1. How large is Rg/Rh for the chain, to two decimals, with Cα atoms and a Kirkwood Rh?
2. With a cut-off of 8 Å between alpha carbons and a minimum separation of six or more residues, what is the relative contact order of the chain in percent?
3. How large is the dipole of segment 1-83 about the Cα centre if only Lys and Arg carry +1 and Asp and Glu carry -1, each at its Cβ, rounded to the nearest 20 debye?
4. When ligands, DNA and RNA are left out and all protein chains stay put, how many square angstrom of accessible area per residue does the chain have with a 1.4 Å probe?
5. By average Cβ neighbour count within 10 Å, what is the ranking of 30-37, 61-68, 44-51 from highest down?
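The values are calculated or read from the model by the stated rules, or taken from the named source; none is laboratory data. Quick caveat: nothing in here was measured; it's all calculated off a predicted structure. No Cβ is skipped: glycine too gets one built from the backbone with ideal geometry, and neighbour counts run over all protein chains shown. The protein model used for the area step is the full one, side chains on, heavy atoms only, and it has no ligands, DNA or RNA in it. Shrake-Rupley method; radii C 1.70, N 1.55, O 1.52, S 1.80 Å.
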Amino acid sequence: VSERLREHPVLGKAPFREPVRFTFNGKPVNAEQGDSIAAALLANGITAFRHSRLGEPRGLFCGIGHCYECRVKVDGVNGVRACLVSAVHGMRVEAEAEGRDGR
Ligand code: FES
């Protein structure tokens, strides 16, 4: 279920954007053209993008590329900051294997 603001009391209705689909840990994610990976994950109710070495969930924190908390693996490439990279149709996004539980 996508959680998006479709109409704002001041800004009005959100414009239509083309749908984009990708996967996160093998599960489908519905995004919209122009979404960052982080925005798409959040809109799909996914807040833990990876886990720390201690097994703690990590996700969006600064949202501007400074903290590196949102790192994910994209099409086999580790260390991609989900808040900076746009969602692309068909991309394979995975949680980085960093935690002791292998996630
Ligand atoms: S949320 Fe801080 S770098 Fe992405």
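1. Radius of gyration relative to Kirkwood radius: 1.00.
2. Here the relative contact order equals 30 percent.
3. Taking the Cα centre of segment 1-83 as origin, the dipole is about 180 debye.
4. 63
5. Per-residue Cβ counts within 10 Å, averaged per peptide and sorted highest first, yield 30-37, 44-51, 61-68.
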